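Undergrad: I am attaching a structure below and will ask some questions about it afterwards.
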Protein chains: 2
Amino acid sequence: MTPQRPNVESPNMSQELSPDWIVGFIDGEGCFHIGISKHPEVRFGYQILPELTVVQHERDIDLLQRLRSTMNCGVVRRNHGDRYCWRVRDLKNLAEIIVPFFDKHKLRSKKAIEFQKFAKVVKKMVKQEHLTEEGFQQICQIASGMNRGEPRPVLGLRESPFQGESSG
Amino acid sequence: MTPQRPNVESPNMSQELSPDWIVGFIDGEGCFHIGISKHPEVRFGYQILPELTVVQHERDIDLLQRLRSTMNCGVVRRNHGDRYCWRVRDLKNLAEIIVPFFDKHKLRSKKAIEFQKFAKVVKKMVKQEHLTEEGFQQICQIASGMNRGEPRPVLGLRESPFQGESSG
């Protein structure tokens, strides 16, 4: 669309989104999510996937690009139908950009509670605690209290990989 | 909940929401809407009701109260089920607080387009242009291009109060 613009992080300050704007927008539209899905090739048979996503109608794809560019991480992808999302999954970016950003610039909504849990999981994963049984169970426990309305994989996990571990 | 706190506008600055946060949150969750509904007792038989609303789950009712208090207008009401809303309908507050606020602090999403139309309608209503046939029709025309997906009352209006007026 603008081939003359060099591929650097927003040389035009008017394109930058302020931290407060970002916090307000994420308070409204952001989702801090810990995905836990079966994966036969990883330890304990379950993959833990923390991600921050923001879904918007395609008319606001430029805004998602500005979010990506201002935060300097993540990707903008089609989500479903006419919806696009900005998504950050890379653990290094979550740990070094996203978590410190929202540690510094506090969310004002109750989404702050989800963020606290999310940050705890990311920090544990950086320390590779998810590779220990205890750490893995702790993460599943934290994730089970997030994103209300979703099925809670931790219940299934308790019955399979760690059956009897925590009930003794 | 806090009876010792005097009923003034947020003496505690930490309770205030910054303009940028508000813009980000409204970019995500706000709705600028022009309601047009049948009302036999008003001129032309239709009432024009501009309103700004923000709907949230009841867990964030405090945040809606902070919005109300920071902007110093509107009401917080139950919307439906476990949803509450902050709503500004008073024309004076829309014209003197809401429109100047978002004129000064620009929305970053495409919702800015809806706001422009909304502001145009509010300004026309302050000048009582909705009480003239021409002004009323202009407002219906503007409203018909907003809030996609809703029925467009202007079509019905064209067939009733102003039949033949604009087709000649």
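Undergrad: Just to be sure, is residue B:87 within 13 Å of chain A (Cβ to nearest Cβ) and either part of a loop (DSSP other than H, G, I, E, B) or touching a residue at least 24 places away in the same chain (Cβ under 8 Å) (or both)? Show your work before the answer.
TA: Details: within 13 Å of chain A (Cβ to nearest Cβ): no; either part of a loop (DSSP other than H, G, I, E, B) or touching a residue at least 24 places away in the same chain (Cβ under 8 Å) (or both): yes.
Answer is no for this residue.
Undergrad: Is one or more of the residues making up region B:104-112 loosely packed, with under 15 Cβ neighbours inside 10 Å and away from chain A (no Cβ under 13 Å)?
TA: Yes, the conditions are met somewhere in region B:104-112.
Undergrad: Of everything in region A:47-80 that's part of a strand (DSSP E or B) and β-branched (Val, Ile, Thr), which residue is surrounded by the fewest Cβ atoms within 10 Å (Cβ to Cβ)? Quick ask: steps written out before the conclusion?
TA: Residues of region A:47-80 that are part of a strand (DSSP E or B), as a first pass: A:47-57, A:75-80.
When the remaining residues are screened for being β-branched (Val, Ile, Thr), the result is A:48, A:53-55, A:75-76.
Values: A:48: 22, A:53: 17, A:54: 25, A:55: 16, A:75: 12, A:76: 20.
Only one residue tops the list, namely A:75.
Undergrad: Of everything in region B:111-137, what is in contact with a strand residue (DSSP E or B) (Cβ under 6 Å, 6 or more places away or on another chain) and modelled with pLDDT of 95 or more? Give them in sequence order. Quick ask: steps written out before the conclusion?
TA: Taking region B:111-137 as the starting set, the residues that turn out to be in contact with a strand residue (DSSP E or B) (Cβ under 6 Å, 6 or more places away or on another chain) are B:114-115, B:118, B:121-122, B:130.
Answer for region B:111-137, where residues must be in contact with a strand residue (DSSP E or B) (Cβ under 6 Å, 6 or more places away or on another chain) and modelled with pLDDT of 95 or more: B:114, B:115, B:118, B:121, B:122.
Undergrad: Count, please, the residues in region A:104-137 that happen to be touching a residue at least 12 places away in the same chain (Cβ under 8 Å) and not in a helix (DSSP H, G or I).
TA: Final tally of qualifying residues: 5.
Undergrad: Starting from residues that are out of contact with any Lys or Arg (no Cβ under 8 Å at 6 or more places or on another chain) and in a strand (DSSP E or B), keep the ones in region A:18-46 and report whichever is farthest from the other protein chains (Cβ to nearest Cβ).
TA: A:38
The values are calculated or read from the model by the stated rules, or taken from the named source; none is laboratory data. All of these numbers come straight from a predicted model, not from anything done at the bench. Cβ sites come from the backbone with ideal geometry, for glycine too, and all protein chains shown count toward neighbours.
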